[in-house]
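Visitor: I have a structure I would like to understand better, so I am pasting it below and will then ask my questions one at a time.
The values are calculated or read from the model by the stated rules, or taken from the named source; none is laboratory data. Here the structure is a predicted model, which means the values were calculated and not measured. Neighbour counts run over all protein chains shown; Cβ positions are idealised from the backbone, glycine included.
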Amino acid sequence: MSEKLNEVLYTSEATSTGGREGTVKSSDGVIDLALGKPGSAANPKANPETLFAAGYSACFGGALAAVAGQEDIDVSGSTVTADVSLGKTDTGFGISAKLTAKIPGVDAAKAQELADKAHQFCPYSKATRGNIDVTIVGEPA
């Protein structure tokens with residue numbers, strides 16, 4: 001079941017040309033990148049997985065701050081790392097993600113609880129739920 005937007009708060013637009021080895025540019029000019037194959041050490045460039053990891057980690061960090069704030073827990077020193085993997089599936093190719101939230105000032109159980117709550121709240125998590133394998137790890141910083 002998809003969740004419909006009741007009110008649009010922001011829309012971002014980006015256009016790519018040439019697929020994975022082309023370019024991508026946002027309409028506001030903030031992103032203007034040449035793209036390359038994932039894992040190219042000789043000529044490293046951004047790729048869709050890198051861009052997805054960046055967006056997911058930032059969005060998840062915002063969700064973490066929101067859910068922690070409901071409990072008066074300050075997570076301003078937290079970090080969220082998104083590891084996004086590209087691989088083969090039975091039907092072609094797919095991605096998976098692992099998000100690791102390192103949260104200062106809490107024990108391991110509370111860190112995992114907050115990360116799990118953030119996963120329920122995060123728009124990226126909602127968009128990927130049931131579509132890709134996502135692992136959530138919360139740990140003390």
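Visitor: Taking the conditions exactly as written (loosely packed, with under 13 Cβ neighbours inside 10 Å, assigned to a strand (DSSP E or B) and either among the hydroxyl-bearing types (Ser, Thr, Tyr) or not assigned by TED's automatic domain parsing to the domain that holds residue 94 (or both)), does residue 11 satisfy them or not? Can you show your working first?
Guide: On the way: loosely packed, with under 13 Cβ neighbours inside 10 Å: yes; assigned to a strand (DSSP E or B): no; either among the hydroxyl-bearing types (Ser, Thr, Tyr) or not assigned by TED's automatic domain parsing to the domain that holds residue 94 (or both): yes.
Considered against the rule, which asks whether it is loosely packed, with under 13 Cβ neighbours inside 10 Å, assigned to a strand (DSSP E or B) and either among the hydroxyl-bearing types (Ser, Thr, Tyr) or not assigned by TED's automatic domain parsing to the domain that holds residue 94 (or both), residue 11 comes out as no.
Visitor: Right, next: Look through segment 20-39, keep the residues that are of a type in the set (D, E, K, R) and more than 22 Å from residue 93 (Cα to Cα), and return whichever of them is surrounded by the most Cβ atoms within 10 Å (Cβ to Cβ).
Guide: Going through segment 20-39, the residues of a type in the set (D, E, K, R) turn out to be 20-21, 25, 28, 32, 37.
This time we only want the ones that are more than 22 Å from residue 93 (Cα to Cα), so: 25, 28, 32.
Values: 25: 15, 28: 9, 32: 10.
Of everything passing the filter in segment 20-39, 25 is surrounded by the most Cβ atoms within 10 Å (Cβ to Cβ).
Visitor: Just checking, how many residues over segment 130-140 are modelled with pLDDT of 95 or more and in a loop (DSSP other than H, G, I, E, B)?
Guide: First, pick out the residues of segment 130-140 that are modelled with pLDDT of 95 or more: 132-140.
Next cut, in a loop (DSSP other than H, G, I, E, B) only: 132.
Qualifying residue count, segment 130-140: 1.
Visitor: It is to be established whether one or more residues within segment 48-60 are out of contact with any Gly (no Cβ under 9 Å at 6 or more places or on another chain), part of a loop (DSSP other than H, G, I, E, B) and not assigned by TED's automatic domain parsing to the domain that holds residue 30.
Guide: No, segment 48-60 has no match at all.
Visitor: Look at segment 85-125 and say how many of its residues are part of a strand (DSSP E or B), over 18 Å from residue 48 (Cβ atoms) and under 16 Å from the mean Cα position of the chain (by Cα).
Guide: Residues of segment 85-125 that are part of a strand (DSSP E or B), as a first pass: 85-89, 92-103.
Subsequent filtering for residues that are over 18 Å from residue 48 (Cβ atoms) retains 100-103.
Next cut, under 16 Å from the mean Cα position of the chain (by Cα) only: 100-102.
Selection size over segment 85-125: 3.
Visitor: Further question on the same structure: For segment 1-48: of the residues being under 20 Å from the mean Cα position of the chain (by Cα) and of a type in the set (Lys, Arg), which is nearest to residue 87 (Cα to Cα)?
Guide: 37
Visitor: Moving on. Among the candidates 80, 24, which residue alone is in a strand (DSSP E or B), of a type in the set (A, V, I, L, M, F, W, C), touching a Leu at 6+ places or on another chain (Cβ under 7 Å) and not assigned by TED's automatic domain parsing to the domain that holds residue 111?
Guide: 24
Visitor: Still on this structure, I have one more. Taking only pairs six or more apart or across chains, which ones have beta-carbon atoms under 9 Å, a first residue in segment 21-42 that is free of Cβ contacts under 8 Å to residues at least 12 places away in the same chain, and a second residue that is surrounded by 12 or more Cβ atoms within 10 Å (Cβ to Cβ) and β-branched (Val, Ile, Thr)?
Guide: Short answer, once both residue conditions are applied: 25/31; 32/23; 32/24.
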